[in-house]
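The values are calculated or read from the model by the stated rules, or taken from the named source; none is laboratory data. From a predicted model like this one, the values you see are computed outputs, not experimental measurements. Quick reminder, even Gly has a Cβ in these numbers, built from the backbone with ideal geometry, and neighbours come from all protein chains shown.
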Amino acid sequence: MDRRIILAGLAALISGSVLFPETPNAQQPDKVYRVGVLVNGGATVDGKPNPALDELRKGMARLGYVEGTNIIYEARFPEGQLERLPGFASELVAKGVDVIATFGGPSTNAARKATTTVPVVAALVADPVAIGVAKTLERPGGNITGATNNDPELASRQLNMLKTLLPKLTRVAVLSDSDIPGADASGLAPIERANVAAAREAGLSPQVLKVRGPNPDLDTAFKAMATDGAQALVVLEVPATIAARKRIAELASKQRLPTMFWGGASDSGCLISYGTPFTADFPRLPPVIDKILKGAKPADTPFEVVSRRELDINQRTARELGIVIPSELLKTANHVFE
């Protein structure tokens, strides 16, 4: 064999160009990715690790990311004090994270204001376009993409369900959070405007009440509902109400107010919960983050729309309120709690 061929072959083996050819999307084995995490709530929920971060870690692990080896998480929790989020977002940017995972409108808005270059992958944003984090869901156009359980029909469906249960319903209270982004000149955020419009379309008079975490003044809110003559309560899926959901349901029952909560909130003790559980967003974030870390651009990565409407009915609460749930509605429920 020609001596020159042998030498060339040895050189190729030493350089690794034969056995380990470079590919454009190959993950560098020595690269340690830093993922910033912004969550609206606390590090623990009901005594357990925050499910947002917990599911993120598990999902990334399934994709081959080993914590401490090729991925490190920089998580920040405002413990309900959402005014801390902008500082946390700036801190993560300063640390040079490769991507920021955000959970909720306030945390996503804080990240949006902190950076236009670090990729942001968001969840639990009711309407990314309405609050200005994306031009369209299909082509976000900036540095933010992710998953959303936005359901344009949710408010109408919830209110029509309440009207079926309460034929004499004319006035409905809507409980929200003062700190969610996107308020217009009327002071209402997109999710609040959607509920007001749906209520009016259904022939109902809406009363929007806002509380602020981490210790929302629910007593004052419920007094205002009583003064306004509210006959039912729609509780929006926002940070302050998520954290205080059990207390809200308890106060509503004492005031004999039928309640409609977001999907997956049946553990609150509410009368009805309906919609896509916010936890349905969690499994969708790791694959998107993986794409971003491998070079995909958020501007061209569509928001994933997660839709899984679930209906849960609490018969015990219904009996306490003297409400008979129609059999047709019970048949369509995913869960009926006795």
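Quick look at the numbers
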| quantity | calculated |
| --- | --- |
| Failed condition for Pro29, given (1) under 16 Å from Pro239 (Cβ atoms); (2) of a type outside the set (D, E, K, R); (3) modelled with pLDDT under 95 | (1) |
| Out of Thr279, Thr241, sole residue that is within 17 Å of Asn149 (Cβ to Cβ), within 20 Å of the chain's Cα centre (by Cα) and surrounded by fewer than 22 Cβ atoms within 10 Å (Cβ to Cβ) | Thr279 |
| Matching residues, the range 177-233, being of a type in the set (Asp, Glu) and either crowded, with 16+ Cβ neighbours inside 10 Å or touching a Lys or Arg at 6+ places or on another chain (Cβ under 6 Å) (or both) | Asp177, Asp179, Glu192 |
| The range 75-100, residues that are surrounded by 13 or more Cβ atoms within 10 Å (Cβ to Cβ) and over 28 Å from Ser178 (Cβ atoms) | Val97, Asp98, Val99 |
| Scan of the range 87-101 for residues that are within 20 Å of Met60 (Cβ to Cβ) and part of a helix (DSSP H, G or I), ordered by number | Leu92 |
| Residue that is farthest from Phe88 (Cα to Cα) [pool: residues in the range 30-43 that are of a type outside the set (A, V, I, L, M, F, W, C) and exposed (fewer than 13 other Cβ atoms within 10 Å of the Cβ)] | Asp30 |
| Considering residues of the range 162-176 that are at pLDDT 95 or above and touching a helix residue (DSSP H, G or I) at 6+ places or on another chain (Cβ under 8 Å) only, the residue surrounded by the fewest Cβ atoms within 10 Å (Cβ to Cβ) | Arg171 |
| Filter result for Lys331 (farther than 27 Å from Ala130 by Cα, assigned by TED's automatic domain parsing to the domain that holds Ala122 and over 21 Å from the mean Cα position of the chain (by Cα)) | no |
